[in-house]
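Note sheet for the following structure.
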Amino acid sequence: MFEIPSFQDLQKYFVDCGPHEVNRTLESEHPGITGLAALLSPAAAEQLPALAARSAEISSLRFGNIIQIYAPLYLSNYCVNRCAYCGFSADNKISRRVLTLAEAEKEALILHERDIQHILLVSGEAPARLGVDYLVELVRRLRDKFASITIEIQPLETEEYRRLFAAGITGVAVYQETYDRTTYDEVHLSGGKRDFIYRLQVPAKAAAAGMREVGIGALLGLADWRLEGLALGLHLAWLRRHYWQTALTVSFPRLCYAEGGFKARVDISEHNLSQLIFALRIFDHDVGLLLSTREDARYRNGMIGLGPTRYSAGSSTVPGGYADPELEGEQFSVGDRRTVKQVCLDIRGQGFDPVRKDWDAVFQKPEDGCRMTDDGYG
Ligand code: SF4
């Protein structure tokens, strides 16, 4: 079982982090958790160009000159939880809907026509309205049209993830939001999500079910970002040790405006965000790093090649928002409103390849629920 030290205990990692430790870490192949602390420290903030250069070097060696493109597909904005920072919080008086299977299919086809091959199915946490049966049927309808279908929904049990994997879902994203127990209790006001320990174990359940990819992340703006970065590193390293067959990703959502008007408790500048991304890349060379449309076009263009490997594009955060862009009920305000085509053109303009497809459902043998073993597919 994964356990996270308190933020007070994590502070101790930063005590001896000076310029010497930062330089030593930049020259090391395997920085380890003390190296990650050095890269996240105030001393490393003074050396951001050196961090960027090392992060770019590793990214190029491991991934080549590519950015994978994906888009979220919001299925429902009903939620039984009250999370102070989220537009879907049960408290908020927003227009709510859950897409019918036909509506969801229509949204997916719009994305398909925009040449999106990787989709992320997203919903609030309201299992009575949208559960495993719904997803199995939707994926059955969609899986031949998309290279990969991943989910960001309510936490499930391993058996349920297994069923979804067999149906054709290849990845699961579950963000802890904050690894600081005190802050977690303060911003999760009611509902099952209040259980910090339970949520912490969910990525491992998805990996145990054989999911090809598992994503973790922290919502930046709730607590100290350096400590969140260290906690993310610990979680990542634990998942790597226990589920080495699973590809791992980390997301860096910065809080942005949402219904309810929650204000960030901690300011996270672009400089801070960049340091966090570079530090995670140098710490774990293979992790996929996501930079979503929460960030604006200027920043995302500036980060191409420096660490992130995956960008969302042309996103709507409203269920039904691709068919009807006027619909209300979004989860948060998108910062980058460029079309998929424009995002791809900008990536190409910098000499990088916007990759729409780097996986095919045929590899998965979905009907068998097979997963990769030491000798190939089991
Ligand atoms: S963050 Fe997730 S669980 Fe919390 S209110 Fe929003 S959709 Fe619901």
Sort 103-116, 256-269, 298-311 by packing, meaning the average of other beta carbons within 10 Å per residue, with the highest value first. 298-311, 103-116, 256-269
Report the gain in length on full extension from residue 65 to residue 185: 0.36 nm times residue separation, minus Cα-Cα distance, nm rounded to one decimal. 39.1 nm
In what sequence do 341, 12 fall when counting other Cβ within 10 Å, fewest first? 12, 341
For 145, 93, order by how many other beta-carbon atoms lie within 10 Å, fewest first: 93, 145
To the nearest 10 degrees, how steep is helix 225-242 against the longest Cα principal axis of the chain, on a 0 to 90 scale? 70 degrees
Out of 191, 31, 244, whose Cα points farthest toward the positive end of the dipole of the chain (charges: +1 Lys, Arg; -1 Asp, Glu; placed on Cβ)? 191
Work out the length of the dipole vector of the range 136-282 about its Cα centre, built from +1 on the beta-carbon of each Lys and Arg and -1 on the beta-carbon of each Asp and Glu, and round it to the nearest 20 debye. 480 debye
In degrees from 0 to 90, rounded to the nearest 10, what is the angle of the helix 48-63 Cα long axis to the longest principal axis of the chain? 50 degrees
Using the alpha-carbon centroid of each, what span in Å lies between the range 173-208 and the range 252-307? 20 Å
Could you compute Rg(Cα) / (2.2 N^0.38 Å) for the chain, with N its residue count? 0.94
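Taking every DSSP beta bridge that has both residues in the chain, what percent is antiparallel when rounded to the nearest 5? Before the final figure, lay out each step's value.
On the way: 5 of 38 bridges.
Percent antiparallel among DSSP bridges in the chain is about 15.
Taking a cut-off of 21 Å, what percent of all Cα-Cα pairs in the range 41-177 are separated by more than that?
Working: 4980 of 9316 pairs.
Summing the P(r) of the range 41-177 above 21 Å gives 53 percent of all pairs.
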Filter on 106/193; 106/205; 106/341; 93/263; 106/263 - keep pairs with C-alpha separation over 23 Å: 106/193; 106/205; 106/263
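Just so you know, all these numbers are worked out from the coordinates, no wet-lab data involved. It should be emphasised that the depicted structure is a prediction, and the values quoted were computed from it without experimental measurement. Positions of Cβ are generated from backbone atoms using ideal geometry, with glycine treated the same way; all protein chains shown enter the neighbour counts.
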